[in-house]
Amino acid sequence: MTYLLGLTGGIASGKSTVSRVFKAAGYPVVDADVIARRIVEPGRPALARIVQAFGPQVLREDGRLNRAKLGEIVFSQPRRLEALNQINRPYLRAAINQALAQAKAGGAAIVVGDIPLLYEADYADAFDGVAVVTVNPDVQLARLMIRDGLTEAEAKERIASQIPLAKKAAMADFVIDNNGQAEATIAQAKALIRQLQHLS
């Protein structure tokens, strides 16, 4: 039996570190961010609908989505962010479901769905359990500003667009604390793998 784990957190909470531990242990990881980029490639219906909703300004000269420009628009206007999510969600969910089914068909003991907006998109019920990678708000803010080159106001807008990490942690089946060194986070991820091996 395959244990289907939903892995989530907040922006810049360190989820990718945990995801890499599962990959290194040989477990398939379905990355929603990778799929999200794939569904808006030129010629895809999701991209056409985004351009229809937000105008040609969100396209690069080569016809690809200008994610930075789109981010500027939606993260400062919650109503427009919700409009974008409404466009993307059906395409994203269908593609994620297909990828999870393919991964499960391979017979792995654990399959991970790495989904940043798992709770925001009401996706928790699709998994046997959910792990949340959490970090203190001030650490999250500092990491996001450094990682994405954002001002404090821009970083706060992006964090505010998601359910607070403390609330996600309260809803989760498993919590990984990423406030310390990477080694401590990796150790927690490995302990979670051992725990799930007994459940699968």
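The values are calculated or read from the model by the stated rules, or taken from the named source; none is laboratory data. For clarity, every value in this text was computed on a predicted model and none was experimentally measured. In this analysis, Cβ positions are derived from the backbone assuming ideal geometry, glycine residues included, and neighbour counts consider all displayed protein chains. Surface accessibility is based on the protein's heavy atoms, side chains included, excluding ligands, DNA and RNA. Shrake-Rupley method; radii C 1.70, N 1.55, O 1.52, S 1.80 Å.
Would you be able to say whether some residue in the stretch 148-158 is of a type in the set (Lys, Arg), closer than 30 Å to residue 26 by Cβ and modelled with pLDDT under 95?
no
Identify, by number, the condition in (1) in contact with a Pro (Cβ under 9 Å, 6 or more places away or on another chain); (2) within 19 Å of residue 157 (Cβ to Cβ) that residue 112 doesn't meet.
Of the numbered conditions (1) in contact with a Pro (Cβ under 9 Å, 6 or more places away or on another chain); (2) within 19 Å of residue 157 (Cβ to Cβ), the odd one out for residue 112 is (2).
Using the structure shown, decide if residue 118 is closer than 30 Å to residue 1 by Cα and in contact with a strand residue (DSSP E or B) (Cβ under 9 Å, 6 or more places away or on another chain).
Yes.
Residues in the stretch 113-124: is at least one open to solvent by 70 Å² or more (accessible area, probe 1.4 Å) and either at pLDDT below 95 or closer than 30 Å to residue 177 by Cβ (or both)?
yes
Among the hydrophobic types (A, V, I, L, M, F, W, C), surrounded by 17 or more Cβ atoms within 10 Å (Cβ to Cβ) and not in a helix (DSSP H, G or I) - does that describe any residue in the stretch 161-171?
Checked the stretch 161-171: no residue is among the hydrophobic types (A, V, I, L, M, F, W, C), surrounded by 17 or more Cβ atoms within 10 Å (Cβ to Cβ) and not in a helix (DSSP H, G or I).
On the given criteria, is residue 43 open to solvent by 20 Å² or more (accessible area, probe 1.4 Å), over 16 Å from the mean Cα position of the chain (by Cα) and under 29 Å from residue 106 (Cα atoms)?
no
Could you say which residue among 112, 175 is of a type in the set (A, V, I, L, M, F, W, C), touching a Leu at 6+ places or on another chain (Cβ under 9 Å) and assigned to a strand (DSSP E or B)?
On the way: 175 fails: touching a Leu at 6+ places or on another chain (Cβ under 9 Å).
That would be 112, the only listed residue that is of a type in the set (A, V, I, L, M, F, W, C), touching a Leu at 6+ places or on another chain (Cβ under 9 Å) and assigned to a strand (DSSP E or B).
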